[in-house]
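This report refers to the structure that appears directly beneath it.
The values are calculated or read from the model by the stated rules, or taken from the named source; none is laboratory data. As the structure is a prediction and not an experimental result, all values here were calculated from the model. Please note: Cβ atoms are built from the backbone with ideal geometry, for glycine as well, and neighbour counts cover all protein chains shown. These area figures cover heavy atoms from the full protein model, side chains too; ligands, DNA and RNA do not enter into them. Shrake-Rupley method; radii C 1.70, N 1.55, O 1.52, S 1.80 Å.
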Amino acid sequence: MTKSKIYKFSAVFLLLAIIGGGIWYTQLPNRHKAIIKTTFLLKTGLVDNDWVVDNEKQQYKMISPAFYIDGIYKSMEGPKSSNFVQLSQDSTLLWITGFHVKALDSKTKKRISNDFVCHTNIDFNDVKYFSNFHLEDRIGTQYPRMTSLSHGLENFAFPKGYGVPMKGNDLLYVTTESLNHNYPNANYLIKHEVAIDYTKNASPMKPLMCRTVFVMLPYDKADPFKEPTDPGKDYCIPVETKNHSYAMPDGAVLSGHWVIPPGKHTYRSAIDSQLQITDSLRLHAAATHVHPYATALTIFDKTNNKVIFRCNILNHKNSIGLSKIDVFSSEAGVWMYKNHQYDLIEEVDNTSTINQDMMGSMFLFFYDKELDAILNGPSGLKTPLQ
């Protein structure tokens with residue numbers, strides 16, 4: 001084969017690959033397009049691609065790489081980036097006390113609307129974390145997410161005297177994702193500033209353990225996207241069946257990410273298996289994550305017919321978004337019991353004319369009596385951990 005034919009063949013092959021790749025890209029969901037686009041921009045250096053870290057005054061602060069906002073990105077669809085975090089370079093015992101996130105203009109670093117903040121997840125390595133405190137029986141019992149900030153709840157702090165203890169040089173995994181519900185013709189470069197408050201040599205401090213609960217609704221696994229016709233089955237329509245989908249031991253499938261039609265609706269889910277209460281627990285803090293059009297998320301004690309915490313949620317009036325999400329923070333705490341049954345109840349008001357996606361979760365922080373005895377007992381770990 002001559003060189004000219006090789007060049008022609010290569011050019012045709014490249015053209016077909018570009019056309020095929022373009023067709024494949026256009027058929028992807030918006031969130032997958034964002035992943036590909038963001039990866040390309042960061043890898044090629046067309047936008048700032050480094051995390052900038054400042055660790056002073058017992059606050060670990062970092063600024064994300066640039067996110068290119070070029071259209072509508074609903075919740076969980078926007079460009080995002082992740083970073084590993086070490087609060088210190090040694091094994092000193094630290095206490096995490098708060099979390100913050102805000103949106104910045106990529107060039108000026110000036111603060112802009114938090115409408116460009118989707119959520120910021122703070123994950124930890126549960127194997128190392130629990131092993132450090134000789135609590136190996138807790139490994140793998142829950143998804144190792146410490147908390148999540150989100151649109152409407154960009155700042156969250158524990159009550160005075162409480163915190164999450166951890167070894168200073170343990171790794172946290174921070175993922176922050178962008179959002180844009182309201183500007184279809186957007187052409188912005190933004191960044192997120194994420195901050196984690198912590199203290200050391202604090203005495204006395206009481207440790208908190210984190211548990212995550214979320215609404216899970218059944219759907220028809222034989223035909224998941226068909227509008228439910230039998231109200232008695234209480235089926236939902238999942239947004240998708242790959243993520244946030246859970247198979248139960250009895251064969252049922254549940255979704256934690258579902259479609260809500262226009263109007264007001266209430267969704268209820270049992271959370272006893274998620275709480276995993278083996279003894280009485282005292283709740284001291286709770287952070288909520290929901291999507292726009294949610295109006296309330298409530299932890300309800302069915303046994304006592306009593307509200308544990310009702311999180312009221314304020315939506316924007318003239319645009320899509322969340323203006324405020326209530327937090328629960330209490331030094332006194334609220335007791336929850338092993339022999340009680342609990343529900344998570346979500347209220348929504350879809351004021352639009354089309355279906356929207358929804359989810360509802362809470363990150364709950366309980367006083368950790370067992371860990372308190374390890375840290376503050378006669379042989380407590382008040383010196384650097386080994």
- Message: With a 1.4 Å probe and all protein chains kept in place, how do Asp301, Asp250, Asp197, Asp90 rank by accessible area, largest first?
- Response: Asp250, Asp90, Asp197, Asp301
- Query: How would Asp137, Asp349 line up by accessible area, probe 1.4 Å, largest first?
  - Reply: Asp137, Asp349
- Give the Debye-formula value of log10 I(q)/I(0) at each listed q (0.15, 0.16, 0.17 Å⁻¹), with one equal scatterer per alpha carbon of segment 160-319, two decimals each. -1.19, -1.28, -1.35
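Of Ile196, Ile63, which has the most accessible area and how do the rest follow, probe 1.4 Å? It would help to have the intermediate numbers written out before the result.
On the way: Ile196 0, Ile63 30 Å².
I get Ile63, Ile196, largest accessible area first.
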- In whole Hz, what ³J(HN,Hα) sequence does segment 359-375 give by Karplus (6.51, -1.76, 1.60; θ = phi - 60°), x for Gly and Pro? 7, x, 9, 9, 9, 9, 10, 10, 4, 9, 4, 5, 5, 4, 5, 5, 7
- Message: Just to verify a number: FRET efficiency for Lys43 and Val127, C-beta to C-beta distance, R0 = 30 Å, to 0.05?
- Response: 0.50
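Sorted by packing (mean other beta-carbon atoms within 10 Å per residue), highest first, where do 138-144, 91-97 land? Write out the running numbers ahead of the final one.
Values: 138-144: 14.0, 91-97: 20.7.
The packing order, highest mean first, is 91-97, 138-144.
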- Work out from phi, with θ = phi - 60° and the Karplus expression 6.51 cos²θ - 1.76 cosθ + 1.60, the ³J(HN,Hα) of each residue of segment 164-180, listed in order in whole Hz, and give x for Gly and Pro. 9, x, 7, 5, x, 9, 5, 9, 9, 10, 9, 10, 10, 10, 8, 8, 7
- Note on the structure: With a ≥ b ≥ c from the Cα gyration tensor eigenvalues, square-rooted, and the rule rounded for a/c under 1.5, otherwise prolate when a/b > b/c and oblate otherwise, segment 62-116 is prolate
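Please compute the per residue accessible area over segment 275-386 with all protein chains in place, 1.4 Å probe, rounded to a whole number of Å².
Details: 5230 Å² over 112 residues.
Heavy-atom SASA per residue in segment 275-386 reads 47 Å².
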- Item | Under Karplus coefficients 6.51, -1.76 and 1.60, residue-wise ³J(HN,Hα) of segment 110-125 in Hz, glycine/proline x | 7, 5, 10, 4, 6, 4, 9, 9, 8, 7, 10, 9, 10, 10, 9, 8
- Task: Determine the alpha carbon to alpha carbon distance for each of Lys226/Lys264; Lys80/Lys102; Lys102/Lys242; Lys167/Lys206; Lys80/Lys242; Lys302/Lys324 and list only those over 23 Å.
- Result: Lys102/Lys242; Lys302/Lys324
- Counting only protein heavy atoms and leaving out ligands, DNA and RNA, the solvent-accessible surface of Val85 at a 1.4 Å probe, in Å² to the nearest 10, equals 0 Å²
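Give me the percent of the accessible area of segment 137-231 that comes from carbon and sulfur atoms, probe 1.4 Å, all protein chains in place.
Numbers: 2060 of 4120 Å².
C and S atoms contribute 50 percent here.
Is segment 234-349 rounded, prolate or oblate when judged by the Cα gyration tensor, a ≥ b ≥ c being the square roots of its eigenvalues, rounded requiring a/c under 1.5 and prolate requiring a/b larger than b/c?
Values: a/c = 2.11, a/b = 1.15, b/c = 1.83.
Oblate shape, in that a/c is at least 1.5 and b/c is the bigger or equal ratio.
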- Note on the structure: Under 5 Å from the placed amide H of Ala186, counting only residues 5+ away or on other chains, we find Gly71
- Query: So how exposed is Phe225, as accessible area in Å² (1.4 Å probe, rounded to 10)?
  - Reply: 120 Å²
